[in-house]
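K.L.:
I have a structure here, written as structure tokens, and I will follow up with some questions on it.
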Amino acid sequence: MRLLRRLVRLTTITTLLGGTAALVAATSPAASAASAATPDGWIRIAHLSPQAPAMDMYVYPFGNPGRPLVLKDVSYGAVSAYMVVSPGQYTVAMRGFGAPASSKPALTTSFMVGAGTAYTLAALGPDPGLRTEVLKDQMATPTGKAVVRVLQASLRQHLVTVSYGPDILARQLAFGAATSYRTVSPGARTIRFVASGQHTAMPVTLAAGTVHTIVVLDDASGLKVDAVTDAAGSQIMPKGAVSAGFGGTAPRPPANPAPWLVTIAVGALLAAAGLVRLCRPA
């Protein structure tokens with residue numbers, strides 16, 4: 001009877017050791033990372049309507065209108081930093097600066113956010129006649145290369161040709177249109193804009209592994225150029241256009257499960273040694 005009790009006690013200890021190790025492993029960062037069902041998405045908002053005044057932007061998650069993301073006093077030419085959001089359906093509402101949140105928006109648009117995907121919500125068009133263009137942003141680049149696209153937001157010049165060094169990025173690009181992304185060689189180059197009766201140039205330096213949107217804007221003296229960074233050195237987390245603002249967190253690498261496996265193995269060996277000792281003839 002005493003031998004049986006010892007066997008039961010050792011079996012219980014072994015079970016507790018294994019259960020505890022499994023529980024700790026399940027709550028470790030590796031298990032937490034594995035249990036993450038879906039990665040985040042990212043959105044940013046751009047005010048690219050030359051005739052529209054400064055606006056307040058509201059982004060409402062579907063089914064939860066009481067907790068919107070809000071950007072205040074967004075003026076023409078401004079591009080926000082990326083904001084981290086869960087995948088799903090959203091509505092963006094644009095109101096005049098300082099207008100009550102309960103007032104009727106000047107513009108509303110619904111859109112879907114996919115997991116691991118970044119988007120630019122661009123307010124375009126004359127006022128009245130605003131519209132929102134939802135652009136899918138690229139985050140990855142070929143090794144050793146930069147990637148650029150052009151977004152035409154000038155109403156003064158309806159057709160613009162854009163070049164980056166010797167490369168033509170866009171020919172006769174119309175207001176409100178965006179080109180596809182194009183792979184270019186990194187380095188110091190000159191961006192040139194050619195429109196009817198006007199030429200504008202701006203030096204830029206694009207690093208390898210970066211993604212950019214070149215925006216054509218109206219200015220008091222004519223055309224203005226803005227090079228917005230979409231991503232920099234990461235295929236996971238996009239970089240915002242504003243140095244201080246909303247940001248994201250890239251998934252962390254799984255932790256090493258070896259310590260928990262060692263714990264379980266040691267518990268099993270101790271139990272086996274105890275059983276052998278008990279079963280050995282006196």
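K.L.:
Does Tyr181 count as aromatic (Phe, Trp, Tyr), within 30 Å of Pro87 (Cβ to Cβ) and touching a residue at least 24 places away in the same chain (Cβ under 8 Å)?
P.N.:
Criteria met by Tyr181.
K.L.:
Now a separate question. Since Val216 meets every condition but one in (1) under 20 Å from the mean Cα position of the chain (by Cα); (2) of a type outside the set (Gly, Ala, Ser); (3) under 20 Å from Ala78 (Cα atoms), which condition does it not meet?
P.N.:
(1)
K.L.:
Same structure, new question: Residues that are more than 30 Å from Val59 (Cβ to Cβ), at least 3 per element: which strands (runs of 3 or more DSSP E) completely within segment 125-180 meet that? Steps first, answer last, please.
P.N.:
Numbers: elements: 131-137, 146-153, 159-164, 167-174.
So the answer is 159-164, 167-174.
K.L.:
Please verify whether segment 199-208 includes one or more residues that are open to solvent by less than 60 Å² (accessible area, probe 1.4 Å) and in contact with a Leu (Cβ under 8 Å, 6 or more places away or on another chain).
P.N.:
Yes.
K.L.:
In this structure, is Val150 within 25 Å of Tyr90 (Cβ to Cβ) and of a type outside the set (Gly, Ala, Ser)?
P.N.:
No.
K.L.:
Now for a separate question. Output the number of residues of segment 42-73 satisfying the condition of being in contact with a Gly (Cβ under 9 Å, 6 or more places away or on another chain) and assigned to a loop (DSSP other than H, G, I, E, B).
P.N.:
9
K.L.:
Please find, within segment 47-75, the residue that is most open to solvent (accessible area, probe 1.4 Å) out of those that are among the hydrophobic types (A, V, I, L, M, F, W, C) and closer than 20 Å to Met112 by Cα.
P.N.:
It comes out as Phe62.
K.L.:
Residues being acidic (Asp, Glu) and either closer than 15 Å to Ile45 by Cβ or touching a Leu at 6+ places or on another chain (Cβ under 6 Å) (or both): count how many of those fall in segment 95-143.
P.N.:
Going through segment 95-143 one residue at a time, the tally reaches 2.
K.L.:
Looking at segment 114-130 only, could you name the residues that are in contact with a strand residue (DSSP E or B) (Cβ under 6 Å, 6 or more places away or on another chain) and under 22 Å from His158 (Cβ atoms)?
P.N.:
Across segment 114-130, the qualifying residues are Thr120, Ala122, Ala123, Leu124, Gly125, Leu130.
K.L.:
Can you tell which of Ser35, Ser28, Ser103, Ser80 is open to solvent by less than 50 Å² (accessible area, probe 1.4 Å) and at pLDDT below 90?
P.N.:
Ser28
K.L.:
Do you know which residues across segment 144-176 are under 25 Å from Ile43 (Cα atoms) and either open to solvent by 50 Å² or more (accessible area, probe 1.4 Å) or aromatic (Phe, Trp, Tyr) (or both)?
P.N.:
Hits for segment 144-176 are Lys145, Phe175.
K.L.:
Here is a further query. Does Arg192 qualify as being open to solvent by 30 Å² or more (accessible area, probe 1.4 Å) and part of a strand (DSSP E or B)?
P.N.:
In short, yes.
K.L.:
Within the set of pairs 6+ apart or on separate chains, which have a first residue in segment 209-230 that is over 17 Å from Gln51 (Cβ atoms), a second that is assigned to a loop (DSSP other than H, G, I, E, B) and of a type in the set (D, E, K, R), and C-beta atoms under 9 Å apart?
P.N.:
Note: pairs meeting the criteria are Gly209/Lys145; Thr210/Lys239; Val211/Lys239; Thr229/Lys239; Asp230/Lys239.
The values are calculated or read from the model by the stated rules, or taken from the named source; none is laboratory data. Note that this is a predicted model, so its numbers are computed, not measured. Counting neighbours? That spans all protein chains shown, and the Cβs are built from the backbone with ideal geometry, glycine included. Just the protein is used for accessible areas: all its heavy atoms, side chains included, with ligands, DNA and RNA removed. Shrake-Rupley method; radii C 1.70, N 1.55, O 1.52, S 1.80 Å.
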